[in-house]
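Here's the structure, in structure tokens; my notes come after.
The values are calculated or read from the model by the stated rules, or taken from the named source; none is laboratory data. Since the structure is predicted, the reported quantities are computational estimates derived from the model, not experimental observations. Counting neighbours? That spans all protein chains shown, and the Cβs are built from the backbone with ideal geometry, glycine included.
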Amino acid sequence: MVTVQKRFVSLFVCFALLLSLVPSFTATAAAKAVNVTVDGKKLTANVSPQTVNGRTFVPYRAIAEAIGATVKFDSKTNRATITKGKQTVELTVGSKTAKINGSSAKLDAAPLNVKGTLLVPLRFVGESLGVWVTWKASTSTAALETKKTIKHSLGSTTLNSVPKRAVVLFNGAVDISVLLEVKPVGAVESYIQQPFYEYIRPKLKGTKTLGDETQPNLEAIAALKPDVIIATKVRHEKIHAQLKSIAPTIVTEDLSDWQDNLQIQAQIFNKEEIAAEFLAEWKAKVADFKRKLPAKDKGAAISIIRFNPDGSARAYNAGFAYKIFKELGFSTPKQQLATGQEFITVSSLEQVSLLDGDYIFDFTTDWDGDGAVLQHQKKWTTSDLWKNLNAVKKDKYYKVNSVTWNLSGGAMAADLLLDDLYFHFDLE
């Protein structure tokens, strides 16, 4: 009995000591202060910004007033109402649900009341007040900007708030918008699977279609009253003047450079954290693929092709899929390089050797939906000349998804393409 009592006393003392440590740890974690700047000027407030349980909380009233908003606080309901122009935000201490213009919005963490000052998660400041927020870890500074100038292929464009009504005029940017959790008010329709590609369609309910990306409907764009238009040079340079007369317009340089396009859109929409996380995961996935790839396949010559409705075929030495293969360390077939062309037209079966490689990936699309191009594909791929190709003899010819390999051109499509390569190279 004495032994049992001693053990109980010892256990109780240990538990008491453990409890005594908890408040000290919490206080230490909550005491880490951070700086906030608004358009380069340091913000001063009665309560300093601070990091609590890994999240940065900032004084909402001080920030709101610094950018010209008005704040009212009802001490009975612990509710703050913030108004800036046509934007109204309602917050309640202890609640993770806020309202922005009457619509519910979720917060990462509930607002805190510290010495009478309302502190909110940093990310919510940008989402609710339309300002850009950049976290600078080296100085523990949250930099807020009420305007942002975006440099692009046809100049530079200044935005006065984070856009809420975006129009997107090429398919890769539509994919990226979905990744960044931005629903455009209008977007060009997909080349097939209209109105939008099936893999992103559920996230685009309510988005208006604006015609083909090669010829978007300008009247429909204007009717939507967008606050930003995202275009791309090869498709929209000729109508740039008309577009920017409708709304601030940002024009990307390369339709197929999904990583650059992702970073540009992340800047526009204040979503750089999502983009950075995706790109970090992408780089890790690319490194994993290259590490797992057998020595016999490293640097393999990859032929990327499609068959056309006019009876010809095409090999790609540029474009979306080509860029990904180059990043993975693959090479281009020598006979294709010798042409000096980025897009090689093969007009007859007698030239079919131009399509050969160690691997052939074919993203032929049934554009017209009548099956004619598939009949043409079948005619070529059942011929003796085709069967004599190196990749075909080694059973390394693959038909792949035309949407995620070619037509979309966005970040999510890139990830799906890489998933396909894990399968085709037996790396799963």
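Numbers below:
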{"quantity": "Residues of segment 26-43 classified as modelled with pLDDT of 85 or more and either β-branched (Val, Ile, Thr) or touching a His at 6+ places or on another chain (Cβ under 7 Å) (or both), total", "calculated": "3"}
{"quantity": "Out of 196, 170, sole residue that is hydrophobic (A, V, I, L, M, F, W, C) and touching a residue at least 60 places away in the same chain (Cβ under 8 Å)", "calculated": "170"}
{"quantity": "Total residues in segment 132-169, condition within 21 Å of the chain's Cα centre (by Cα), part of a loop (DSSP other than H, G, I, E, B) and farther than 20 Å from residue 221 by Cα", "calculated": "1"}
{"quantity": "Residues of segment 369-385 classified as modelled with pLDDT of 95 or more and in a loop (DSSP other than H, G, I, E, B), total", "calculated": "2"}
{"quantity": "Search result, residues across segment 181-194 that are touching a Leu at 6+ places or on another chain (Cβ under 8 Å) and part of a loop (DSSP other than H, G, I, E, B)", "calculated": "183, 184, 185, 188, 189, 190, 191, 192"}
{"quantity": "Complete set of residues in segment 284-293 that are loosely packed, with under 12 Cβ neighbours inside 10 Å and either assigned by TED's automatic domain parsing to the domain that holds residue 180 or basic (Lys, Arg) (or both)", "calculated": "291"}
{"quantity": "Residues being free of Cβ contacts under 8 Å to residues at least 60 places away in the same chain, assigned to a loop (DSSP other than H, G, I, E, B), in contact with a strand residue (DSSP E or B) (Cβ under 9 Å, 6 or more places away or on another chain) and farther than 30 Å from residue 181 by Cα - total across segment 395-428", "calculated": "1"}
{"quantity": "Breaking point among (1) over 30 Å from the mean Cα position of the chain (by Cα); (2) in a strand (DSSP E or B), for residue 94", "calculated": "(2)"}
{"quantity": "Pair list, Cβ under 9 Å, 6 or more apart: segment 135-153 residue surrounded by 15 or more Cβ atoms within 10 Å (Cβ to Cβ) and hydrophobic (A, V, I, L, M, F, W, C), other residue modelled with pLDDT of 95 or more and not in a strand (DSSP E or B)", "calculated": "150/248; 150/264; 150/267; 150/268"}
{"quantity": "Qualifying positions in segment 252-273 - touching an Asp or Glu at 6+ places or on another chain (Cβ under 7 Å) and hydrophobic (A, V, I, L, M, F, W, C)", "calculated": "266"}
{"quantity": "Residue within segment 358-378 that is closer than 14 Å to residue 333 by Cβ, surrounded by fewer than 18 Cβ atoms within 10 Å (Cβ to Cβ) and of a type in the set (A, V, I, L, M, F, W, C) present", "calculated": "no"}
{"quantity": "Elements of type helices (runs of 4 or more DSSP H) contained in segment 267-368, each with 2 or more residues being of a type in the set (Lys, Arg)", "calculated": "272-292, 320-327"}
{"quantity": "Residue 88 vs. criteria out of contact with any Leu (no Cβ under 7 Å at 6 or more places or on another chain), without any contact (Cβ under 8 Å) to a residue 12 or more places away in the chain and among the hydroxyl-bearing types (Ser, Thr, Tyr)", "calculated": "no"}
{"quantity": "Boolean, residue 211 is at pLDDT 95 or above, buried (at least 17 other Cβ atoms within 10 Å of the Cβ) and more than 17 Å from the chain's Cα centre (by Cα)", "calculated": "no"}
{"quantity": "Residue in segment 320-330 that is touching a strand residue (DSSP E or B) at 6+ places or on another chain (Cβ under 9 Å), more than 30 Å from residue 262 (Cα to Cα) and at pLDDT 95 or above present", "calculated": "no"}
{"quantity": "Residue within segment 49-56 that is surrounded by 14 or more Cβ atoms within 10 Å (Cβ to Cβ), under 26 Å from residue 37 (Cβ atoms), at pLDDT 85 or above and assigned by TED's automatic domain parsing to the domain that holds residue 134 present", "calculated": "no"}
{"quantity": "Filter result for residue 355 (in the same structural domain as residue 318 (by TED's automatic domain parsing) and under 34 Å from the mean Cα position of the chain (by Cα))", "calculated": "yes"}
